[in-house]
1. If you scan the stretch B:106-121, which residues turn out to be within 14 Å of the chain's Cα centre (by Cα) and either under 14 Å from B:GLY22 (Cβ atoms) or surrounded by 24 or more Cβ atoms within 10 Å (Cβ to Cβ) (or both)?
2. Just one of A:THR235, A:THR151, A:THR144 is away from every other protein chain (no Cβ under 14 Å), within 25 Å of B:ALA224 (Cα to Cα) and among the hydroxyl-bearing types (Ser, Thr, Tyr); which is it?
3. Please go through the stretch B:96-129 and pick out each residue that is more than 13 Å from chain A (Cβ to nearest Cβ) and in contact with a helix residue (DSSP H, G or I) (Cβ under 8 Å, 6 or more places away or on another chain).
4. State yes or no: is A:LEU209 part of a helix (DSSP H, G or I), in the same structural domain as A:LEU191 (by TED's automatic domain parsing) and crowded, with 16+ Cβ neighbours inside 10 Å?
5. Scan the stretch A:160-167 and tell me whether some residue there is under 30 Å from A:LEU112 (Cα atoms), assigned to a loop (DSSP other than H, G, I, E, B) and either out of contact with any Cys (no Cβ under 9 Å at 6 or more places or on another chain) or not assigned by TED's automatic domain parsing to the domain that holds A:LEU29 (or both).
6. A:ALA76 - would you say it is assigned to a loop (DSSP other than H, G, I, E, B) and among the small types (Gly, Ala, Ser)?
7. Under 8 Å by Cβ, and 6 or more places apart or on different chains, what pairs join a residue from the stretch A:1-14 that is within 15 Å of B:CYS219 (Cα to Cα) with one that is loosely packed, with under 11 Cβ neighbours inside 10 Å?
8. Specify which of the listed residues (B:ALA172, B:ALA177) is in contact with a Phe, Trp or Tyr (Cβ under 7 Å, 6 or more places away or on another chain) and at positive phi.
Amino acid sequence: MSEFKQTFNSSLGKKLIMALTGLFLCTFLIVHLGGNLLLFSNDDGFGFNVYANFLTHFPPIEVIAYLLYLSILVHALYALILTIKNRKARPVRYAEVNKSTATWSSKNMGLLGSILFLFLVIHMGDFWFNYKFSDKLGFKEYKTDLATGETKSGIYQASPGFEKSVSVENNVEIVRVKDLHARVASSFSNLIYVIFYVIAMFAVSFHLLHGFQSAFRTLGWVHRKYTPIVSAIGTWLFAVIIPLGFAAMPVVYYIQSLK
Amino acid sequence: MSTGNMNLTLKVWRQKNADTKGAFVTYKAEGISPDMSFLEMLDVVNEGLIHKGDEPIHFDHDCREGICGMCSLYINGHPHGPKNAITTCQLHMRTFHDGEIIVIEPWRAAAFPVIKDLAVDRSAFDRIQQAGGFVSVNTGVTIDANAIPIPKVIADEAFNSATCIGCGACVAACKNASAMLFVSAKVTQLGMLPQGQPERYSRVQAMVAQMDAEGFGNCTNTGACEAECPKEIKMTNISRMNNDFFSAKLFREEGVHEHATGE
């Protein structure tokens, strides 16, 4: 066995892979939230649809996206392998439940991660798969009067194979693009779907409340001066702001759909 | 100022040996003084069992001063009982109340097989220690205290880590039965001081390899180990060991086998 293989097969090596894939997924959340804030702009999905088109058609982002999907799978697979090993390390369980002081989230990473994995399957199946590999989604046309800056939107009947077009006629900019926004709005008008999203965002919160700072511990980056900063970022950014921001989307869209 | 003796119900794990299945047996512990230590209480119960011609409850103990690391016992869901920063031998019966039911289990880990009843075989720790937890060269006679200046923070870290008594409470408390706190304390204690520095990066590889071979679980940084450690060994040691290990594996020349064999 080569030395690198030995390193990554050791208990610490497997944890290193968990930490690195986990942190990579954390950085993605920032970008994902930032982009999705376009859902809150009142433009009938213009910004959001153009952004979705950019994400799926810009090659460097495509590469990172596939690295991301791989990270999710590796993170989940290694979690499974490590959990099985951990179970084997204690074949006879205690009769009395362990009462040692430890945070709830740190003891339930597997449960939280499983909820998240289920969420990702549903989430990606609904939006990513339909966007890329099905023709269920319609198209929209946004006509912007370049003189006044006013934008009007309407349905566009696209021929098969159409992706996106931008043209200017008579000082009017016409952008035709796949309408993911409509799909988001229709999904988020379903109460059960919205509740599931909110639960999943609680899972994100508690998973990262422990996971973010734990990844730094696994990497060995613990320092009297920097560890408080890491745990503040893990707590406030990754366990509060980001899950709140994501949870706000289905909630706001659901409330709007009631009107 | 004794408040009167206590009557307790004990649910004790009895197991003939590693190959047989164990089970809980309920015993009455009557007339127990609150000033007794937990182990003295078990001594009283055992005397009763011996008088009746029964097999006494086997449990590990030695110094009964909280410094040898021999006593164990998982009491009511806590290694070394419900109090912080003490071993079972330092746990007094006044911690419990009259009529309480106390559940006593051995350390549970594949790497710590039960020898008999509550006594487990912790020689896995010895083998980890033998894999690299030492300084290979003779450091000679005691030298003048100021001959090698060591920053106080470093000395404190090393000495705090050196207080680990190797009792295994960290493994017992960990939901993954991981030995990371123990191994990291040993790695830190030696790796931070000048005498242990030359072997710092081969030692950590050798000790982690042995830890994995013994079948301990993987650390998830829950912190239960730190909470239960009778010597209050800090989790920062675990991160330091991770750092040393990855430095050794990814950036250093030292190999894993250069430590114990002295190649």
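The values are calculated or read from the model by the stated rules, or taken from the named source; none is laboratory data. Model, not experiment: these values are computed from the prediction. When we count neighbours, we look across all protein chains shown, and the Cβ atoms used for this are built from the backbone with ideal geometry, even at glycine.
1. Step one: of the stretch B:106-121, the residues within 14 Å of the chain's Cα centre (by Cα) are B:106-109, B:111-112, B:119-121.
Passing the criteria: B:PRO106, B:TRP107, B:ARG108, B:ALA109, B:ALA111, B:PHE112, B:ALA119, B:VAL120.
2. Working: A:THR151 fails: within 25 Å of B:ALA224 (Cα to Cα); A:THR144 fails: within 25 Å of B:ALA224 (Cα to Cα).
None of the other options fit; the residue is A:THR235.
3. Listed by number, the residues that qualify are B:PHE125, B:ARG127, B:GLN129.
4. Working: part of a helix (DSSP H, G or I): yes; in the same structural domain as A:LEU191 (by TED's automatic domain parsing): yes; crowded, with 16+ Cβ neighbours inside 10 Å: yes.
So A:LEU209 fits the description; yes.
5. Let us first name the residues in the stretch A:160-167 that are under 30 Å from A:LEU112 (Cα atoms), namely none.
No, every residue in the stretch A:160-167 fails to be under 30 Å from A:LEU112 (Cα atoms), assigned to a loop (DSSP other than H, G, I, E, B) and either out of contact with any Cys (no Cβ under 9 Å at 6 or more places or on another chain) or not assigned by TED's automatic domain parsing to the domain that holds A:LEU29 (or both).
6. Details: assigned to a loop (DSSP other than H, G, I, E, B): no; among the small types (Gly, Ala, Ser): yes.
So A:ALA76 does not fit the description; no.
7. From the stretch A:1-14, the pairs are A:ASN9/A:MET1.
8. Details: B:ALA172 fails: at positive phi.
Step by step, each of B:ALA172, B:ALA177 is checked, and only B:ALA177 is in contact with a Phe, Trp or Tyr (Cβ under 7 Å, 6 or more places away or on another chain) and at positive phi.
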